[in-house]
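Novice: Below are the structure tokens for one structure; questions will follow.
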Amino acid sequence: DDRMPEEDKVTRVGEALRVAERPEEKRQALGILRDCRTAASMALTAKLLDDPEVFPEAADTVLYLAAPQKKGNAKQPAVTGPATRAALNKVIRMTKDDSQRKQAQQLR
């Protein structure tokens with residue numbers, strides 16, 4: 001629901017992820033988290049970095065949230081703070097993708 005506050009969306013996605021088993025379900029959750037530019041969304045995304053089946057998508061979501069974005073005519077600020085720094089450091093340590101590592105280093 002697009003009218004639902006972001007924090008409520010993140011809470012619901014977190015509840016769904018507790019029972020999600022298939023990578024497709026987790027990827028769908030990441031798609032929702034991309035649109036929730038909050039520290040809670042970043043923290044939940046960072047937890048998915050521990051799942052090797054969805055690591056690339058989780059890393060991309062971390063990078064997306066950590067950078068300012070433009071949606072239509074509206075500018076969306078980067079998600080910042082301790083959860084973001086920790087997630088970026090985790091991407092730098094764990095990724096095998098040099099472009100992800102480089103982008104994470106630039107955003108940190």
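Nothing in this text is a laboratory measurement; each read-out follows from the coordinates by a stated rule. All of these numbers come straight from a predicted model, not from anything done at the bench. No Cβ is skipped: glycine too gets one built from the backbone with ideal geometry, and neighbour counts run over all protein chains shown.
Novice: Using Cα pairs under 8 angstrom and six or more residues apart, how large is the relative contact order of the chain, in percent?
Specialist: Rounded, it is 22 percent for the chain.
Novice: Dipole size in debye (nearest 20) for the chain around its Cα centre, Lys and Arg Cβ +1, Asp and Glu Cβ -1?
Specialist: Computed charge dipole of the chain: roughly 540 debye.
Novice: For the peptides 70-76, 60-66, 23-29, 35-41, what is the packing order when you average, over each peptide's residues, the other Cβ atoms within 10 Å and list the highest mean first? Display every interim value, and only then the final one.
Specialist: Values: 70-76: 8.3, 60-66: 23.0, 23-29: 16.0, 35-41: 18.7.
Going by the mean number of other Cβ atoms within 10 Å, highest first, we get 60-66, 35-41, 23-29, 70-76.
Novice: Could you list, bin by bin from short to long, the percent of Cα-Cα pairs of the chain in 5 Å steps?
Specialist: 2, 14, 25, 24, 20, 11, 4, 0
Novice: Provide the net charge surrounding residue 72, with neighbours chosen by a C-beta distance below 15 Å and charges set as Lys +1, Arg +1, Asp -1, Glu -1.
Specialist: +2
Novice: Grab the other residues whose beta carbon is less than 14 angstrom from that of residue 91, score K and R as +1, D and E as -1, and report the net.
Specialist: +2
Novice: May I pose another question? Considering lysine pairs in the chain that are 8 or more places apart or on different chains, how many have Cα atoms under 22 Å apart?
Specialist: Counting lysine pairs in the chain gives 13.
Novice: So, one more: Return the whole-Å distance between the Cα centroid of region 1-54 and the Cα centroid of region 65-103.
Specialist: Rounded to whole Å, the Cα centres lie 15 Å apart.
Novice: Oh, and also: To the nearest 500 deg cm²/dmol, what mean residue ellipticity at 222 nm is calculated for the chain from DSSP H runs of n ≥ 4 alone, each contributing -39,500 (n - 2.57), summed and divided by the residues?
Specialist: My calculation for the chain gives -19500 deg cm²/dmol from helical runs alone.
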